[in-house]
Amino acid sequence: MNTPARRSRVRSAALAASAALLLGLAVAPAAQAGTDGAKRTKTLHELARETGRYFGSAVDNPELADTEFADLLGKEFGQTTPGNGMKWYATEPQRGVFDYTAGDEIVNYAKAEHLKVRGHTLLWHNQLPSWLTSGTWTKDELRSILKNHITNVVKHYRGKVFAWDVANEIMNEDGTYRQNIFYKTIGPSYIADALRWARAADPHVKLYLNDYNVEAIGPKSGAYYTLIKQLKADGVPIDGFGMQAHLALQYGFPDRLQQNIQRFADLGVDVAITELDIRMILPSDTAKLAEQADWYGKVTDACLAVRRCVGITVWGYTDRHSWIPSVFQGEGAALPWDENLQHKPAYDAIHDALAAAAQED
Ligand code: 9MR
C-alpha cells in the first residue's frame with residue numbers, strides 16, 4: 001500500500017514541514033493550515049463526498065457539552081456514530097422499558113449539523129443492562145428478549161440511521177464464536193435471527209457485523225468471511241462488514257488490509273472502517289507522529305482503493321476525548337487532532353489521501 005504516489009505525498013509534506021521550521025514559521029497550525037504549512041481548504045467530509053464516501057467521527061454524549069469540539073465535528077465531518085448512546089444498557093435499562101434520550105440527543109445534533117448516523121450497536125457482550133446479565137433465561141426467553149430489543153430500537157431509529165452494527169464482536173481471535181450470553185443460551189443461530197429481526201423492523205437500513213482485529217487477513221477475519229458467505233447463501237439479510245481498526249503502532253500495520261477489504265466486497269457486502277484510531281506508547285514524538293500519519297494515510301488509501309468501502313469513521317477525532325488512555329495505560333495520542341484541536345500530521349495524511357482520490361474521480 002506504500003504506493004509511489006503516497007510516498008511522494010508523504011515526502012513533500014515532510015519537506016514542507018522542515019522548510020517551515022527553517023523559516024521559523026509556527027508549525028502549530030491555525031484552523032485549516034496543515035502541520036507542514038500547506039493550505040488545505042476542503043474538509044475531510046467534502047473530499048470524501050467527492051469520492052462517493054463519508055468521513056466521520058464517533059461522539060459520546062457528554063462531549064456535546066464541549067461546544068468547540070461539537071462545532072468542529074459538525075464542520076469537518078459528514079457522519080457520526082454514538083460512542084455509547086445507542087447501546088443496550090442505554091436504550092433498554094429495564095426489561096421492556098426503552099429510553100432513547102442519549103441516542104436521540106446524538107441524532108438531533110447530527111440532523112442540525114447534517115451528519116449521517118451509524119447506529120451502534122444492537123447486540124454486544126459489553127454494556128448490557130444488569131437485568132439481562134444477572135437473569136437466568138431459557139433459549140426461548142432470551143430469543144424473545146433479543147427480538148423485542150432489536151425490533152423496538154430499530155423501529156425507533158428508522159429513517160434516522162443509515163446503518164446498524166447489528167452484532168458487535170461476536171468472534172474470538174482464533175475464529176471461534178465468542179461465548180457471549182446469546183451464544184451460550186441460544187447457539188449461533190442468534191446471529192441470523194438478529195439480522196432478520198433488524199431487517200423486518202427497517203427494510204432500508206444497512207445491516208452490519210462489526211469487530212476489531214479483523215483488518216488483517218487471519219483467523220478472525222477468516223471466520224467472518226466464512227460466516228458472511230454462509231449468511232448470503234442462506235438468504236439472511238447482511239449488507240456490510242465493519243472493521244473497527246483500533247490499531248497500535250507497536251503491533252505493526254495490519255497485513256494485506258486492502259486485499260482483505262476487497263475479499264469482503266467481492267462477497268457482495270459493503271465494508272466500512274468503523275472505529276479507526278492509531279495509538280502509540282506515550283510520550284509521542286516526531287517520529288511516532290510521522291509513522292502514525294503514514295498509517296492513517298494507508299488505511300484511507302486502502303478504503304479508497306475498493307469501490308465498496310463506503311466510508312471511514314474515526315473513534316473520536318481529538319486526543320482531548322479518547323477512550324485509549326483509560327484503557328491502555330501509558331498509551332494514547334491516537335487521533336488526528338491533538339488535545340487543543342490542532343491538526344496532527346495524521347490529519348494532513350488523511351486529507352492528502354482523500355484529495356488525491358477525489359481528483360482521480
Ligand atoms: O468509546 C466507548 C467507551 O466510551 C466505552 O467506555 C467503552 C466500553 O467498553 O466502549 C467504547 O467503544 C467501544 C465500541 O463500542 C466497540 N468497539 C471498541 C470501542 C472501544 O472500547
The one condition D270 fails out of (1) in contact with a Lys or Arg (Cβ under 6 Å, 6 or more places away or on another chain); (2) farther than 23 Å from T121 by Cβ; (3) among the charged types (D, E, K, R) is (2)
Within region 54-70, the count of residues that are in contact with a Ser or Thr (Cβ under 7 Å, 6 or more places away or on another chain) and within 15 Å of V117 (Cα to Cα) comes to 4
Sole miss for A216 among (1) under 14 Å from the mean Cα position of the chain (by Cα); (2) closer than 26 Å to A333 by Cα; (3) not basic (K, R) is condition (1)
Checked region 311-331 for anything more than 15 Å from the ligand (Cβ to nearest atom) and over 15 Å from E275 (Cβ atoms); matches are G330
Within region 217-245, the count of residues that are part of a loop (DSSP other than H, G, I, E, B) and either among the small types (G, A, S) or away from the ligand (no atom under 16 Å from the Cβ) (or both) comes to 9
When D202 is run through (1) in contact (Cβ under 8 Å) with a residue 12 or more places away in the chain; (2) under 30 Å from I324 (Cβ atoms); (3) acidic (D, E), the failure sits at (2)
Of the listed residues (D277, D270, D361), the one being in contact with a Cys (Cβ under 8 Å, 6 or more places away or on another chain), among the charged types (D, E, K, R) and either modelled with pLDDT under 95 or under 21 Å from N168 (Cα atoms) (or both) is D270
Across (1) closer than 29 Å to E76 by Cβ; (2) hydroxyl-bearing (S, T, Y); (3) away from the ligand (no atom under 16 Å from the Cβ); (4) not in a helix (DSSP H, G or I), T136 clears everything bar (1)
Of the residues in region 81-96 that are in contact (Cβ under 8 Å) with a residue 40 or more places away in the chain and outside any helix (DSSP H, G or I), the one that is surrounded by the most Cβ atoms within 10 Å (Cβ to Cβ) is T81
Pairing a residue in region 119-141 that is under 15 Å from K184 (Cβ atoms) with any residue that is part of a loop (DSSP other than H, G, I, E, B), where Cβ atoms lie under 6 Å and the two sit 6 or more apart in sequence or on different chains, gives H125/N180
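Every residue, every condition in (1) surrounded by fewer than 20 Cβ atoms within 10 Å (Cβ to Cβ); (2) small (G, A, S); (3) in contact (Cβ under 8 Å) with a residue 40 or more places away in the chain; (4) closer than 19 Å to F69 by Cα, yes or no:
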{"residue": "Q292", "(1), (2), (3), (4)": "no, no, yes, no"}
{"residue": "T300", "(1), (2), (3), (4)": "no, no, yes, no"}
{"residue": "G311", "(1), (2), (3), (4)": "no, yes, yes, no"}
{"residue": "R320", "(1), (2), (3), (4)": "yes, no, yes, yes"}
{"residue": "G330", "(1), (2), (3), (4)": "yes, yes, yes, no"}
{"residue": "H343", "(1), (2), (3), (4)": "no, no, yes, yes"}
{"residue": "A353", "(1), (2), (3), (4)": "no, yes, yes, no"}
{"residue": "A358", "(1), (2), (3), (4)": "yes, yes, yes, no"}
{"residue": "D361", "(1), (2), (3), (4)": "yes, no, yes, no"}
Flagged in region 332-341 as within 15 Å of the ligand (Cβ to nearest atom) and surrounded by 24 or more Cβ atoms within 10 Å (Cβ to Cβ), in numbering order, are A334, L335
Does I238 meet the test of being crowded, with 20+ Cβ neighbours inside 10 Å and touching a Cys at 6+ places or on another chain (Cβ under 9 Å)? no
Within region 246-271, residues surrounded by fewer than 24 Cβ atoms within 10 Å (Cβ to Cβ), part of a strand (DSSP E or B) and away from the ligand (no atom under 16 Å from the Cβ) come out as D270
Out of curiosity, is T274 assigned to a strand (DSSP E or B) and among the β-branched types (V, I, T)? yes
Taking region 37-69 and keeping residues closer than 17 Å to V107 by Cα, part of a helix (DSSP H, G or I) and under 18 Å from the mean Cα position of the chain (by Cα) leaves N61, E63
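The values are calculated or read from the model by the stated rules, or taken from the named source; none is laboratory data. Since the model is a prediction, treat every value here as computed from it, not as a measurement. Heads up, the Cβs are rebuilt from the backbone with ideal geometry, glycines too, and the neighbour counts pull from every protein chain shown.
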